[in-house]
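The values are calculated or read from the model by the stated rules, or taken from the named source; none is laboratory data. Because the structure is a prediction, the values reported are computed rather than measured. Counting neighbours? That spans all protein chains shown, and the Cβs are built from the backbone with ideal geometry, glycine included. The area values use the complete protein model at the heavy-atom level, side chains included, leaving out ligands, DNA and RNA. Shrake-Rupley method; radii C 1.70, N 1.55, O 1.52, S 1.80 Å.
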Amino acid sequence: MIVYDLQCAAGHSFEGWFDDRASFEAQKKEQLISCPVCNDSNISKLPSAFSIKSSPKQAMKMPLPDNSQVLGKLINEYLEQNFDDVGCDFSKEALKIHYGVSKQRNIRGTSTREEEKMLEKEGVSFVKFPVPASGDAESQ
């Protein structure tokens, strides 16, 4: 299937879908293509942008934008300003909030893989974010 940008003699632009170029040429020659606005069959192809079709199995790796460090810093600042830091007591505090023992609020902290498995088993929702090391010059 091929799509052409077409134009009639009156200047109306429209798209035409054809099996291939030969199909377009044959239909044009027999004047089977007409403008949907004015029904003119004097049609010409317009220059159009092209694209390259890739295999759907091929994964496209998107490069990180140049400002990825800035974005990471902004996310880190947001977490610091909007989440209570409970440190290594994250899983304990998350369970207290989940069961209504502590007030509902946003928390952040650290947990072990075993604690994360236990939180998942209890039905506690959480999201893990990588945190820059405290020795990073960017995070200071």
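Applying the selection to the stretch 81-114, what residues are in contact with a helix residue (DSSP H, G or I) (Cβ under 8 Å, 6 or more places away or on another chain) and open to solvent by less than 50 Å² (accessible area, probe 1.4 Å)?
Val86, Phe90, Ser91, Ala94, Leu95, Ser102, Ile107, Gly109, Ser111
Looking at the stretch 7-35 only, could you name the residues that are open to solvent by 100 Å² or more (accessible area, probe 1.4 Å) and touching a strand residue (DSSP E or B) at 6+ places or on another chain (Cβ under 8 Å)?
Glu15, Trp17, Asp19, Arg21
Quick one: how many residues across the stretch 84-97 are outside any helix (DSSP H, G or I) and within 20 Å of Glu120 (Cβ to Cβ)? Break it down stepwise before answering.
Within the stretch 84-97, the first condition is being outside any helix (DSSP H, G or I), and the residues that meet it are 84-89.
Remaining after also requiring within 20 Å of Glu120 (Cβ to Cβ): 86, 88-89.
Looking only at that region, the number is 3.
Pick from the stretch 87-119 the residues that are under 22 Å from Glu77 (Cα atoms) and charged (D, E, K, R): which of them is nearest to the chain's Cα centre (by Cα)?
In this case the residue turns out to be Arg108.
Testing Ile33 on (1) in contact with a helix residue (DSSP H, G or I) (Cβ under 7 Å, 6 or more places away or on another chain); (2) not in a loop (DSSP other than H, G, I, E, B), one condition comes back false. Which one is that?
The failed condition is (2).
What are the pairs with Cβ atoms under 7 angstrom where one residue, in the stretch 28-51, is over 15 Å from Phe14 (Cβ atoms) and modelled with pLDDT of 90 or more and the other, located anywhere, is open to solvent by less than 100 Å² (accessible area, probe 1.4 Å) and not in a strand (DSSP E or B)? Sequence gap at least six, or different chains.
Short answer, once both residue conditions are applied: Gln31/Ser41.
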